[in-house]
Structures are given as structure tokens and as C-alpha cells.
Amino acid sequence: RDSQQADTEHLSRWKKWRRTSKKSLKKALSEIKGLSSYLVLWRHDIHSIEGKFGTGIQSYFSFLRFLVLLNFIIFILMFGFVTLPTIISKYGIFNSTVAYISPKNIEDVCTVYEPSGNKGLVYFYTYLKDLLSGTGFLELTSLFYGYYSIDAVWISIMRYNLPLAYLLATFAYLALSFLWIIKRSVEGFKHNLVHDADPFQSYCNKVFAGWDFCITDPNAARLKYRSLQYELQTDLQEEKQKQKIAERTMEEKLRIYSLRIFINIIVIAILSGCFYSIYRVTVFSQENSNVSIRNDTRTDLVNLLVQYLPSMVITLANFIGPLIFSFLIRFEDYTPAFEIKLTLLRCVFVRLANIGVLLFSLWSQISDCASDKCKPCGYNYKLYPCWESDVGQEMYKLMIFDFIVILAVALFVDFPRKLLVTHCSCKLVQWFGHKEFEISDNVLEIIYGQTICWIGTFFSPLLPAIATIKYFIIFYVKKIVLIHTRKPAARPVRASSSNFFFLVVLLIGLLLAFVPLGVSIAHIPSSKACGLFRNFSTSWEVIPDTILKFPTGLQQVLFGMASEAFAVPFFVI
């Protein structure tokens, strides 16, 4: 300290001021960081859950918070660059003017689009049907792609190219999601490396350096104590399982591996059955959903059920599949952490592949060109005059139905079960007992919903707002279900590995979302009767069309960046 003071005395005034300023800034930033931690969403709730149920379950709620923030930012992005300019132009705010898209070189038959908007006296159940299916009055709102028909917005002398903004905003929210997930995954990967490098070192860190001596509140101390207890239980459970695996005889290994092969054959059979069922139901629904008699209430109800048939079958597959997989995994004798990962991978394949099968079924109908159905327009214009809005409605229905199922399970399954177990002494009821909080199933629910949101946002720009509200409500629903109807896990799960693996599975969902979006943007002809891209053969064509208006030198640079010679090495790096 004396030597530091001696060094300081020999410094010039400028260097002294710089050193003092640097220290003050560092202290101010530290204080701001400490204060900002109190503004973190659900901070107290998540700490409380960590203390009562362990870090594994806490990681699920932290993951849910991340998705709330991600969807909110995606909503701000789409609203700010797509919906808000449309609203400003339509109402003439800031002296703005608008240029609507007029069809060019398009046959008249391709431009016919008559949304089923409600006219005259409308019954309440019709509004309810429209709210659930995205048809009727909702089809004509900014929720769906077909609402946007503006080519450019003029504010003073500035021209705002809305088709280009729509496509770039789509790329931006996908890139933002990708980079944010990668950033968080790297942090989780570091934790995994530290833990896996030396288990004994990890154990010593928890015992000798795990306590936070800055804690003064008794409740916070109790939560920290429980958190460390769960971590140590997890370590001991994993070591016990590793020892058990090491002591297996050759006969036991042969029996386990044979059983695992047999179980995986059953899993593949279940997946194949799910995919075929969804394909057949989607084709049936699309062919029969428009056949209804408007004056008959019963027919409207039947039509709603036909429209929701793919969503119901997908939800049924998503519900039954994980239950079967969770039952089968018990016989495969894996560690608790690996059980969660393998179950999650199987279930995520079911759920995400189900979405893929649904979209493939829709595309097969949209591109069904038998009997010259597509000849004038390039797609099945009679069944799908505005196919982007139809796909958006399917994604909207999946999102709404998934939310309804989550609420229904909490209200009509979890709480009645808790009441029966508490107040009924029947042996059959007690055999079911208190259910544990299944981390893999709950994580899968929100990853499935997020994948729907990523795919659907291009066709329904305000879908992230619905996802944000949905996840916000789900947080409190799951918290109440956890506290009042669940018991702590018999086999604890580590938070660090869970967080990392959740993000890896979420990244798989995002990468799978790239495929249908890429096909929709670059391959399927855009609708000629609605939307921003009606004068382009595909949505992607707005990019080269815009680049051709740039100076020649800039055109060459941009086209060079888009070539395979540049793009392939760039994405590999």
C-alpha cells in the first residue's frame, strides 16, 4: 500500500485524474449492476423455487424467463419495422403518404381474395370461433400477412420500402435468436467444462467455497443452504450411478443393450404412426374446412372442429408420446441427467417433426398442381388464394390450442389429482401419489411453442406478442402447480448441464424453423391476391430487385457476397 502511494505521488495530475476517474467509473458501474439485479424479471420467485425444489427446476423457470424476453424483443422488432409504418401510413400520421401495391402482369383470376369477414348481425359464438381459428374479423387485422398490402410509405421525402423491411425484419429476428442462444449456450458450456474437468474439484468448491458470506437475510440463507444441499445430492447420486455402471457384468450389459435396442424400435414405430396420422388429418382438414353452411350453428361448430383437427391430433401425439417415452426410459437404466436428455431429444423430435409434417402437408396442398390447378398463378389459388395467411392461421391455432391444453391440464388434472391424493385414502388413488415436476416435459412444451412462434412470425407478424403473453401467464401457472401439487424430485438434476442442454435443444428448434421459412421465402410462389410480395415470383426476389437499384460497384460486391464461393466458407467459419 505504501509503495502504491509513493507511485501515485510521482504521477502527473493528468494520470492521477485518469486513475481516479477509472476507479470511480468502475465503482459506479458495480453499483449500477448491483441495483439492476433487483430489476431482473421474477428474480425473487426464481430464487425461492431454487431453494425449495433445487437448481434443476430453477433452470426451467430461468429458461422460461429468457423466452419471455426473447419474444418481447422479436415483437418490438416486427411491430416497429412492419406494423407501425403500416398504421402510420394508413392514418396519415407525420404527413405520411402511402403507395399501395397494384398487381402487374398477373391474371385476374389470381387476384381474387375474399376474406371471410363478418358482415351484418354476428352471433357471439361466431366471434369465439373466429378468435380460436384466426378467421373472420381476425383475418382482416394486422395479425396476418394478408393485411399488409403497402408497397412504400413516404414520410416527407423519405421512402420506406415495406416489402424489403418485412423480409429484413424476418432475417433480423432469426439472427437475433440464433446469436442470443449461442451466447447463452457458450456460458453454459463453460460451466459444464469446469464441472466435468475434475469432479473432486467441483465437490470441494461446493463444500469449502459454495457459501456466500454476504448473505444476511435468514430466508436467503435458508434458500442458499437448500440449493447447496440439492447440488451435493445430485453429485452423490451421479457418483452412485457411475459406480453401479462400472460394476455391471457382461451378462447384465448384454441384457441392457438388447432391451435398449428393442425400446428404440418401439419408439421409431410410435414416431412413424404419429407422422402418418398428422399427414392424413391435415389433408382431410384442408379439403373439408371450407365446406360449411353459415346459417346452421351445428355446422359452424363442426367446421371449427375440422379446422382444429390437425392441432388436436398434433397435441394428442405430443401428449401421449412423452408419456410413453417417460415410461420406457425407466427400463433403459441411464443416469438421471442422461434420462432427461434422451427423453427430451425423443420428445422434441416428435413435436418438431409433427410441425414439419403439418407444413409439408400444407405445402403439398398449396403446390398441388394436378389437373392444371396451378397453371395461371403457380400455386393452388382456388383453395389458397392467400396461402401465407392460411399458414399463419395454422400456426396461430397451434399456439392457441397449446396454451389452452396447458391451462386445462393444470386446472382439470393437476389440482383434482392433488385433492384426491390429500383427501382420499383409497389405495388406488394413493398409488398414483404426488407427482414430481417433469422437467423434460415442461421444457419441451415451451420449446415446441417457441418453434411455432419462429415459423409463424413471417406469416403472422404479431404472433410474438401472443407468445410473450402466453409464456408470462405460463410462468405463474407452472409456479402455482409446482408449489401446490408437486413434490421435490427423488433424483435431483444439475442446473448447469440442464441449462446448456435446454439451449441446445432450443437451437435445434431454431435451425429446424429455418427450413420451412427458407422454402416459403425462396421456393413457393408468393400469393398474387394479397400481401407485400404479390408482384414478385417469390418473397426472396425483393432482395435482388432492391440491389439492382444500387450503383454498379456496390451491386458487384453484394452479389459476390451472396455467391457460393463466399457464402459457404463464411457460414462454416
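Yes or no: the range 560-572 includes at least one residue that is modelled with pLDDT of 80 or more, surrounded by 17 or more Cβ atoms within 10 Å (Cβ to Cβ) and within 29 Å of the chain's Cα centre (by Cα).
No, the conditions are met nowhere in the range 560-572.
Please verify whether Leu532 is within 30 Å of Leu64 (Cβ to Cβ), in contact (Cβ under 8 Å) with a residue 24 or more places away in the chain and out of contact with any Cys (no Cβ under 8 Å at 6 or more places or on another chain), treating the condition exactly as stated.
No, not satisfied.
Please go through the range 158-172 and give me each residue that is open to solvent by less than 30 Å² (accessible area, probe 1.4 Å) and not β-branched (Val, Ile, Thr), ordered by number.
Once the filter is applied, which keeps residues that are open to solvent by less than 30 Å² (accessible area, probe 1.4 Å) and not β-branched (Val, Ile, Thr), the range 158-172 yields Leu162, Pro163, Ala165, Tyr166, Leu167, Ala169.
Before we move on, is Ser311 surrounded by fewer than 18 Cβ atoms within 10 Å (Cβ to Cβ) and closer than 19 Å to Gly392 by Cβ?
In short, no.
If you check Phe415, Phe403, which single one turns out to be of a type in the set (Phe, Trp, Tyr), at pLDDT 85 or above and assigned to a helix (DSSP H, G or I)?
Phe403
Output yes when any residue across the range 235-258 is at pLDDT below 70, in a helix (DSSP H, G or I) and within 34 Å of the chain's Cα centre (by Cα), and no when none is.
No: the range 235-258 contains no residue that is at pLDDT below 70, in a helix (DSSP H, G or I) and within 34 Å of the chain's Cα centre (by Cα).
Please state which one of Phe94, Phe66 is outside any strand (DSSP E or B) and at pLDDT 90 or above.
Phe66
Got at least one residue in the range 379-388 being under 26 Å from Gly509 (Cβ atoms), in contact (Cβ under 8 Å) with a residue 24 or more places away in the chain and assigned to a helix (DSSP H, G or I)?
Looking through the range 379-388, at least one residue is under 26 Å from Gly509 (Cβ atoms), in contact (Cβ under 8 Å) with a residue 24 or more places away in the chain and assigned to a helix (DSSP H, G or I).
So which residues in the range 246-274 are touching a residue at least 12 places away in the same chain (Cβ under 8 Å) and either in contact with a Lys or Arg (Cβ under 6 Å, 6 or more places away or on another chain) or closer than 17 Å to Leu342 by Cβ (or both), if there are any at all?
Ile256, Leu259, Arg260, Ile263, Ile266, Val267, Ile270, Leu271
For the structure I just gave you, tell me whether Leu179 is under 16 Å from Cys386 (Cα atoms) and at pLDDT 85 or above.
No, not satisfied.
Table: residues versus (1) surrounded by fewer than 23 Cβ atoms within 10 Å (Cβ to Cβ); (2) touching a helix residue (DSSP H, G or I) at 6+ places or on another chain (Cβ under 9 Å); (3) of a type in the set (S, T, N, Q).
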residue: Lys375; (1), (2), (3): yes, no, no
residue: Asn380; (1), (2), (3): yes, yes, yes
residue: Trp387; (1), (2), (3): no, yes, no
residue: Asp390; (1), (2), (3): no, yes, no
residue: Met395; (1), (2), (3): no, yes, no
residue: Leu398; (1), (2), (3): no, yes, no
residue: Phe401; (1), (2), (3): yes, yes, no
residue: Val405; (1), (2), (3): yes, yes, no
residue: Val409; (1), (2), (3): yes, yes, no
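Here is a check on your reading of the model: is Tyr334 at pLDDT 75 or above, outside any helix (DSSP H, G or I) and touching a Phe, Trp or Tyr at 6+ places or on another chain (Cβ under 7 Å)?
No; evaluated as a whole, the condition is false for this residue.
For Phe536, only one of the following conditions fails: (1) in contact with a helix residue (DSSP H, G or I) (Cβ under 9 Å, 6 or more places away or on another chain); (2) farther than 29 Å from Leu383 by Cβ; (3) of a type outside the set (Val, Ile, Thr). What is its number?
(2)
Any idea which of Leu507, Leu517 is under 19 Å from Phe144 (Cβ atoms), in a helix (DSSP H, G or I) and aliphatic (A, V, I, L, M)?
Exactly one of Leu507, Leu517 is under 19 Å from Phe144 (Cβ atoms), in a helix (DSSP H, G or I) and aliphatic (A, V, I, L, M), namely Leu517.
Are there any pairs with C-beta distances below 7 angstrom linking a residue in the range 80-103 that is open to solvent by 70 Å² or more (accessible area, probe 1.4 Å) to a residue that is in a helix (DSSP H, G or I) and modelled with pLDDT of 80 or more, with the two at least 6 apart or on different chains, and if so which?
Phe81/Ala165; Phe81/Ala169; Phe94/Ile88
The values are calculated or read from the model by the stated rules, or taken from the named source; none is laboratory data. Computed from a predicted structure; not experimentally measured. Note that each Cβ is placed from the backbone with ideal geometry, even for glycine, and that neighbours are counted across all protein chains shown. Protein only, heavy atoms only, side chains kept; ligands, DNA and RNA dropped before computing areas. Shrake-Rupley method; radii C 1.70, N 1.55, O 1.52, S 1.80 Å.
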